[in-house]
Amino acid sequence: MYPSPIIHGFNPDPSILRVGDDYYLVNSTFEYQPGIPIHHSRDLKSWTKIGHVVTRSTQADLTQTPTPGGAWAPVIRHHNGMFHVAVTYMFDNRTMIYSAADPAGPWSDGVRVEVKGIDPDLAWDENGDCYLTFSGLNVNEDLSGHQAITQVQIDLETGEKLEEVRSLWQGSGGMFPEGPHLYKIGDWWYLLTAEGGTDRGHLVAFGRSRSIRGPFENNPNNPVLTARSSNSSVQNKGHGDLVQLSDGSWAMVFLGVRTRGLTKGYSPLGRETFITPIEWVDGWPVGQNIEADPAEKSPAFEDDFHESGFNLEWIGVRRFPTDFAELAEGSVTLRGEGRDLDHSLPTYLCKRQQIMLGTFTAKLRVAGRAGISVRYNEDAHYDLEVSEGKIYARFRVVGMTTVSEALELPAGDLPIRLYSRFWQTEFAFNAARVSPDQIELGYLAADGTNVVVANYDGRYLSSEVNSSFTGRAIGVYCVSGSVQILEVSERA
């Protein structure tokens, strides 16, 4: 029925909402700005990014946020004509609630709720009282102190707690109950949880109660959705959110990873958003086993910077693109600030990698030290850099850095096209095929041929190797001098 995935590239922890015939979806963004994208659809198949919740530093300043902190697991809900998004800022013990009349924005600066936990949910009871339900996990303390699913009634306008935080449900028995969502369906309140950790043991479970305050009984058929101990092409299935369709049927969005390689051991794009139809059997939801669609086309991307503002796909590391990138008719200019991709605040204009196999190309005019990078975080990135008439590649993975032999570039002030090509070797039962892909870095010669500077194993830029909860980002950076970006494309 639906594309698989519905949102490509790292877009984890989905939350969905239907208002009339319109569906809105949000995802975690961690250290990247602008934060919390808003996707819109009318059919749950074709999705368009219409804006972001966090578009200015007064809403969230992430410049000092360590990896893998930032915006964790937002929820989007609609009540009394207003849209609301609640989100945790990890390592700050900060839960914020933003509001807007239009989901495309602008969104408010937000109100803060003083709770220790992650993955907030908003729900209103029959009296209109608002409840914040969340996972009582404080990563700044011993994780053995996890309080499972907790809840507190709040004043939505001020963020004030109207009662003491209390335990709500211990979950179905899986590790780290988190990602709660509450729904009033018929006479029951259903409580969805994500359990098992966000890796291979991830799952979706349900409990139910006659009251929003519990107690909750366990679904005897839990888990409702999981890929654990399976050979599914979509692993780590979990962190779901239910939505009732306009025809009365139900569906659930959830996160998953498309695994690649001989042992399906690596997921280079990180956690993406999928959807499954939901049936109700004996008063409980039942999900379907969803597989990745091998015929699903990755979205192509092109930008020649002739629009009046930045394309909504562009993001920055802990900063907004408008903080460091100068947009003009037909180009964007980055000016080096002395920081490379090892730094937590690089001058790096990037986007989520959304193609599994294909090529990212950037047409640049370099007047300094600059290039393109495939980034997972500051400890894991592959760079192709131009400096003083030479070009070389850098392999950086958790404490280890290697630099390729520098090649001489043709003389002149001509634009250069740099590329990163994601490809996979022919099938063979060997170590090379274990990798999800190979990443070739090079440039286009005057005759249009590819000049390969380096080729690196892609497994080191995957969620299984890195501590980040994101995925690959691809883009252009500048360390010193300047670089003018003329065209960018990403094609499968």
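Of all residues in the stretch 2-36, those satisfying the criterion of being surrounded by fewer than 17 Cβ atoms within 10 Å (Cβ to Cβ) and part of a strand (DSSP E or B) are Arg18, Val19, Asp22. Scanning the stretch 241-250 for residues being of a type outside the set (Phe, Trp, Tyr) and under 18 Å from Gly283 (Cβ atoms) gives a total of 4. Which of the residues spanning the stretch 385-416 are basic (Lys, Arg) and either surrounded by 18 or more Cβ atoms within 10 Å (Cβ to Cβ) or modelled with pLDDT under 95 (or both)? Selection gives Arg394, Arg396. The set of residues from the stretch 92-126 being closer than 18 Å to Pro177 by Cα, among the charged types (D, E, K, R) and at pLDDT 95 or above comprises Asp119, Asp121. Against the conditions (1) outside the structural domain of Asn236 (by TED's automatic domain parsing); (2) assigned to a strand (DSSP E or B); (3) touching a residue at least 12 places away in the same chain (Cβ under 8 Å), Pro346 satisfies every one except (2).
Here is a yes/no grid of residues against (1) in a strand (DSSP E or B); (2) polar (S, T, N, Q); (3) crowded, with 22+ Cβ neighbours inside 10 Å:
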residue: Ile38; (1), (2), (3): yes, no, yes
residue: Gly51; (1), (2), (3): yes, no, no
residue: Ala60; (1), (2), (3): no, no, yes
residue: Val75; (1), (2), (3): yes, no, yes
residue: Ala86; (1), (2), (3): yes, no, yes
residue: Thr95; (1), (2), (3): yes, yes, yes
residue: Ala123; (1), (2), (3): yes, no, no
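Taken as a whole, the structure places Asp142 among residues that are out of contact with any His (no Cβ under 9 Å at 6 or more places or on another chain), at negative phi and modelled with pLDDT under 95. Taking Ile439, is it at pLDDT 95 or above, crowded, with 17+ Cβ neighbours inside 10 Å, β-branched (Val, Ile, Thr) and out of contact with any helix residue (DSSP H, G or I) (no Cβ under 9 Å at 6 or more places or on another chain)? Taking the combined requirement at face value, the residue does not satisfy it. Do the conditions hold for Arg213, that is, is it of a type in the set (D, E, K, R), in a loop (DSSP other than H, G, I, E, B) and in contact (Cβ under 8 Å) with a residue 12 or more places away in the chain? Yes, satisfied. With the condition kept exactly as written, say whether any residue in the stretch 473-492 is assigned to a loop (DSSP other than H, G, I, E, B), touching a residue at least 12 places away in the same chain (Cβ under 8 Å) and either surrounded by fewer than 22 Cβ atoms within 10 Å (Cβ to Cβ) or aliphatic (A, V, I, L, M) (or both). Scanning the stretch 473-492, I find at least one residue that is assigned to a loop (DSSP other than H, G, I, E, B), touching a residue at least 12 places away in the same chain (Cβ under 8 Å) and either surrounded by fewer than 22 Cβ atoms within 10 Å (Cβ to Cβ) or aliphatic (A, V, I, L, M) (or both), so the answer is yes. Within the stretch 62-73, the set of residues being β-branched (Val, Ile, Thr) and either touching a strand residue (DSSP E or B) at 6+ places or on another chain (Cβ under 9 Å) or part of a strand (DSSP E or B) (or both) comprises Thr65, Thr67. Which residue, of Glu195, Glu217, Glu163, is touching a Leu at 6+ places or on another chain (Cβ under 9 Å) and assigned by TED's automatic domain parsing to the domain that holds Val87? Only one candidate qualifies: Glu195. Is it true that Leu262 is within 23 Å of Asn11 (Cα to Cα) and either outside any strand (DSSP E or B) or among the basic types (Lys, Arg) (or both)? In short, no.
Return the residues of the stretch 238-259 that are outside any loop (DSSP other than H, G, I, E, B) and within 22 Å of Asp437 (Cα to Cα); say none if nothing qualifies. Listed by number, the residues that qualify are Leu255, Gly256, Val257, Arg258.
The values are calculated or read from the model by the stated rules, or taken from the named source; none is laboratory data. These numbers come from a predicted model, not from an experiment. Cβ: placed from backbone, ideal geometry, glycine included. Neighbour counts: every protein chain shown.
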